[in-house]
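Okay, so here's the structure we're looking at.
The values are calculated or read from the model by the stated rules, or taken from the named source; none is laboratory data. Only a predicted model underlies this, so the values are computations on that prediction, with no experimental measurement involved. Cβ coordinates were reconstructed from backbone atoms using ideal geometry, including for glycine residues, and neighbour counts include every protein chain displayed. For the accessible areas, the whole protein counts, side chains as well, though only heavy atoms, and no ligand, DNA or RNA atoms are used. Shrake-Rupley method; radii C 1.70, N 1.55, O 1.52, S 1.80 Å.
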Amino acid sequence: MKFSLITVTYNSAKTLRDTLDSVLLQTYQDIEYIVVDGLSKDNTVEIIKNYESQFEDRLRWVSEKDCGLYDAMNKGFQMATGDVIGIINSDDLIADATAIEKVMKCFEIDSGIDAVYADLYYVAQNDTSKIIRYWVSGKQRSFSKGWHPAHPTFYVKRGIYQKYGLFDLDFKFAADFELMLRFIEREHIKLYYLSEPLVKMRLGGTTSTVSYTHLR
């Protein structure tokens with residue numbers, strides 16, 4: 001099975017190398033990596049170009065105007081050709097070199113699974129080895145009880161996006177929450193909980209706000 005991983009960038013030069021390195025370290029080989037840049041004004045695009053050869057034709061990227069984070073993510077989803085799609089934000093990193101391998105093994109063991117979700121570490125902005133908080137997603141419960149998966153650890157079959165839609169751009173600040181709510185509560189997709197942290201998210205970074213706001 002092919003895994004499509006998407007990173008959205010905008011003036012991400014300070015943190016992007018950590019993100020790219022964490023993708024390169026993955027033991028799962030059938031990864032299509034897509035970077036969608038919003039016409040960065042720093043050297044983000046130069047960094048992407050410098051890493052291209054290390055991905056050995058597994059990296060595709062574009063740099064063009066968009067309408068913000070969710071619009072850029074939708075572009076990435078539309079470019080994706082993998083069986084499963086995940087995201088890794090440009091100021092975050094994959095916590096474990098075997099993370100994608102573990103996710104894909106879940107799908108391989110049970111073909112009826114529509115999505116896998118996991119736990120997440122919040123880490124210090126300038127020291128990603130320093131864990132500040134551990135988000136334990138826990139077993140599936142009702143959203144009305146205050147539960148929802150950590151969106152950066154939400155890995156979904158491409159067919160689910162094709163069937164139920166992408167991010168709704170009308171939800172300017174919470175399209176990620178709405179998408180998970182729609183998939184899980186309305187469409188009742190089948191989830192599998194992988195009870196370990198797969199992503200490190202920087203506190204104080206672009207994506208550590210409630211809505212992962214990235215407007216421009």
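The C-beta contact set for segment 13-24 (first residue touching a residue at least 12 places away in the same chain (Cβ under 8 Å) and in a helix (DSSP H, G or I), second residue surrounded by fewer than 16 Cβ atoms within 10 Å (Cβ to Cβ) and not hydroxyl-bearing (Ser, Thr, Tyr), distance under 7 angstrom, 6+ apart or interchain) comprises Ala13/Asp42; Ala13/Asn43; Leu24/Gln54. Across segment 56-73, the qualifying residues are those that are open to solvent by less than 40 Å² (accessible area, probe 1.4 Å) and within 21 Å of Phe173 (Cα to Cα), and the one among them that is nearest to the chain's Cα centre (by Cα) is Met73. Residues of segment 20-34 that are over 13 Å from Ala99 (Cβ atoms) and in contact with a Ser or Thr (Cβ under 7 Å, 6 or more places away or on another chain): Glu32, Ile34.
Exactly one residue among Thr44, Thr15, Thr27 is of a type in the set (S, T, N, Q) and open to solvent by 30 Å² or more (accessible area, probe 1.4 Å), and that residue is Thr27.
Where strands (runs of 3 or more DSSP E) fall wholly inside segment 86-164, the ranges with 2 or more residues that are of a type in the set (A, V, I, L, M, F, W, C) are 92-94, 115-124, 127-135.
Filter segment 74-85 for residues that are assigned to a loop (DSSP other than H, G, I, E, B) and open to solvent by 10 Å² or more (accessible area, probe 1.4 Å) and give the result. Step through it out loud before you land on a result.
Step one: filter segment 74-85 for residues assigned to a loop (DSSP other than H, G, I, E, B), giving 80-83.
Within segment 74-85, Thr81, Asp83 qualify.
Just for segment 139-157: of the residues that are farther than 18 Å from Ala175 by Cβ and in contact with a strand residue (DSSP E or B) (Cβ under 7 Å, 6 or more places away or on another chain), which one is surrounded by the most Cβ atoms within 10 Å (Cβ to Cβ)? Applying the filter and picking the extreme gives Lys157.
Contact map, segment 99-127: first residue surrounded by fewer than 17 Cβ atoms within 10 Å (Cβ to Cβ), second residue aromatic (Phe, Trp, Tyr), Cβ cut-off under 6 Å, separation 6 or more or different chains; pairs are Glu101/Tyr28. Within segment 168-182, the residues that satisfy the criterion of being open to solvent by 10 Å² or more (accessible area, probe 1.4 Å) and either more than 25 Å from Arg202 (Cα to Cα) or of a type outside the set (Lys, Arg) (or both) are Asp168, Leu169, Asp170, Phe171, Phe173, Ala174, Phe177, Glu178, Leu181, Arg182. In segment 30-43, the residues that are in contact (Cβ under 8 Å) with a residue 60 or more places away in the chain and within 14 Å of Thr7 (Cα to Cα) form Cβ pairs under 8 Å with partners that are assigned to a loop (DSSP other than H, G, I, E, B) and open to solvent by 20 Å² or more (accessible area, probe 1.4 Å), at six or more places apart or across chains, as follows: Ile31/Lys2; Ile31/Arg58; Gly38/Tyr10; Gly38/Glu64; Gly38/Lys65; Gly38/Arg216.
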